[in-house]
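To start, the structure under review is shown below, and the notes come after it.
The values are calculated or read from the model by the stated rules, or taken from the named source; none is laboratory data. Everything numeric in this text was worked out from a predicted model, so none of it was measured. Here the Cβ is made from the backbone with ideal geometry for all residues, glycine too, and neighbour counts use every protein chain on show. Ligands, DNA and RNA are excluded from the accessible area calculation, which covers all protein heavy atoms including side chains. Shrake-Rupley method; radii C 1.70, N 1.55, O 1.52, S 1.80 Å.
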Amino acid sequence: MNPLKKLFKQTAIYGLATVLPRMLSFLLLPLYTALLNTAGYGEVSVIFAWFAIFNVLLAYGMETAFFRFYSQEKDKNKVISTSLLSILGTTGFFVFAALLFQDSMAQITGIAVEYIRYAIFILALDALVIIPFAWLRANERPTRYALIKILNVSLNFGLNIFFLLLLPKIVQGNPESLFSGLYREGFEISYIFISNLVASGVTLGLMSHLYLRQPFFFDKLLWHKMIRYSMPIMIAGVAFTINEVFDRILLEWLLPEDIAKSEVGKYSACYKLALFMTLFATAFRMGIEPFFFNHFKTENPQKAYAQVTNYFVVLGSIILLSVVVFADVLKVIFVRNEAYWEAMSIVPLIVLASFFLGIYHNLSVWYKVTDKTKIGAYISLIGALLTIVINMAFIPRFGYTASAVATLVAYGSMMMMSFFFGRMYYPIPYNFRKIIFYLGISILFSVLSFYVFNRNLILGSILLALFLGLIYKMENDKLKQIFFKK
């Protein structure tokens, strides 16, 4: 099969599996914003921000290290066993230490102890499925991967609907119902965590076959190699997470106490409208990461890498302009409470920032296949530093607008640094004229639609149609070769 066609096929399947978990928060956004005021949703957003940071720490880059060594080691079982035991050991230590110091963690993060307990076990369950899911991807079994992810999402979503919508109505209509013992007034945030906990537990049960059938032995030499490879990736992951979620925490810390959580709630809700770009970029990354390693030793892999990036920019440009043009339609559908709409001005900035991040992931192939992950970590740290400095300097004056600008500057800077260092260490023949052309036109049309034409849907749609026509004229033949040539 055409390797690019195979990549796009797997990306579509992985995309479905990746989109749905992230879409869960998007689909529940109308429910959360309806049940919780802006301050309440702000509190939930801060909790999930800390959640994201600890997720990265518990994974510590082992997923990417698994791909790297699984594709090169002759003894695949050695890689599987060592990876599983490593995750088991670190996760067990985390649970023990976190439960021991849960009160201190609550004090540092400002999160209630009861939520900390839920978070500890959810984080542990999610960590334990990292390698089993990576094994499915490495063995090109995207369908099973997708089915389990979809089940996780469906269960989580269904439990949220039950606890937050149906259970209160059932108990209100029949106080003597069997379900009355499950209901507690003002328990919404705990119900959200309980739903997540059950879904994560079921997922681990479905993925446990790798643990149960695997003969365990620990290769210390291999583990040291994997850790040396994964540590920079973990640092990069923490830095990425800081860029993605730490602004919520800083907004809560730096804004006046009486408005902080409310501003976080508005910002987080409108931030969600950029999720379409984030989902596309994440799905694409899920497909290209194994692709990068599998094609590293083929003849002229740089040409294939360049083609992948070119088409990412084409598709990403369409998504950028589409989200910006239809932003007001999306807000009515997903953020129905008008109290949140005040932060709509950040949407184009966040969508473009997510686009830059996606381009960065495509450009980052050079340090992954050449084992120069330390440079990737340094780039990520610079991005995180920019995020923190800009937020701390300007949040007190400009509020969440400073956070949106900081995200754009951080991801844009990382993209440019990766391009610069990539030319030095692993030159790839990107079609820069085409990339800059599509990126420039989509940004120009987005600015015209959102800011100049004041989100006029008709004028924005005309600009989108013009852009789609331009892409069809320039890319039609090449797209046919990818998707229809065997």
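Scanning segment 370-386 for residues that are assigned to a helix (DSSP H, G or I), in contact with a helix residue (DSSP H, G or I) (Cβ under 8 Å, 6 or more places away or on another chain) and open to solvent by 10 Å² or more (accessible area, probe 1.4 Å) yields Lys374, Ile375, Leu381, Ile382, Leu386. Which of the residues spanning segment 213-238 are touching a residue at least 40 places away in the same chain (Cβ under 8 Å), assigned to a helix (DSSP H, G or I) and open to solvent by 30 Å² or more (accessible area, probe 1.4 Å)? Residues satisfying the conditions are Trp223, Lys225, Ile227, Met231, Ile233, Met234, Ile235, Val238.
Residues that are open to solvent by less than 50 Å² (accessible area, probe 1.4 Å), in contact (Cβ under 8 Å) with a residue 40 or more places away in the chain and either under 24 Å from Phe67 (Cβ atoms) or of a type in the set (S, T, N, Q) (or both) within segment 387-413 comprise Thr387, Asn391, Ser403, Thr407, Tyr411, listed in sequence order. Set side by side, the residues Leu136, Leu167, Leu204, Leu210 differ, and just one is under 30 Å from Thr38 (Cα atoms), part of a helix (DSSP H, G or I), in contact with a helix residue (DSSP H, G or I) (Cβ under 7 Å, 6 or more places away or on another chain) and not β-branched (Val, Ile, Thr), which is Leu167.
Put simply, of Tyr183, Tyr229 the only residue that is touching a Leu at 6+ places or on another chain (Cβ under 9 Å) and aromatic (Phe, Trp, Tyr) is Tyr183. Selection of segment 239-263 for residues being over 20 Å from the mean Cα position of the chain (by Cα) and open to solvent by 50 Å² or more (accessible area, probe 1.4 Å) yields Trp253, Leu254, Pro256, Glu257, Asp258, Ile259, Lys261.
Taken over segment 307-322, the residue count meeting the criterion of being open to solvent by 10 Å² or more (accessible area, probe 1.4 Å) and within 17 Å of Cys270 (Cα to Cα) is 2. Within segment 82-94, the residues that satisfy the criterion of being buried (at least 20 other Cβ atoms within 10 Å of the Cβ) and either modelled with pLDDT under 90 or among the hydroxyl-bearing types (Ser, Thr, Tyr) (or both) are Thr82, Ser83, Ser86. Out of all the residues in segment 95-121, which are in a loop (DSSP other than H, G, I, E, B), open to solvent by 50 Å² or more (accessible area, probe 1.4 Å) and in contact (Cβ under 8 Å) with a residue 60 or more places away in the chain? Listed by number, the list holds a single entry, Gly110. State whether the residues of segment 425-433 include one that is touching a residue at least 60 places away in the same chain (Cβ under 8 Å), closer than 20 Å to Tyr267 by Cβ and either open to solvent by less than 70 Å² (accessible area, probe 1.4 Å) or among the hydroxyl-bearing types (Ser, Thr, Tyr) (or both). Checked segment 425-433: no residue is touching a residue at least 60 places away in the same chain (Cβ under 8 Å), closer than 20 Å to Tyr267 by Cβ and either open to solvent by less than 70 Å² (accessible area, probe 1.4 Å) or among the hydroxyl-bearing types (Ser, Thr, Tyr) (or both).
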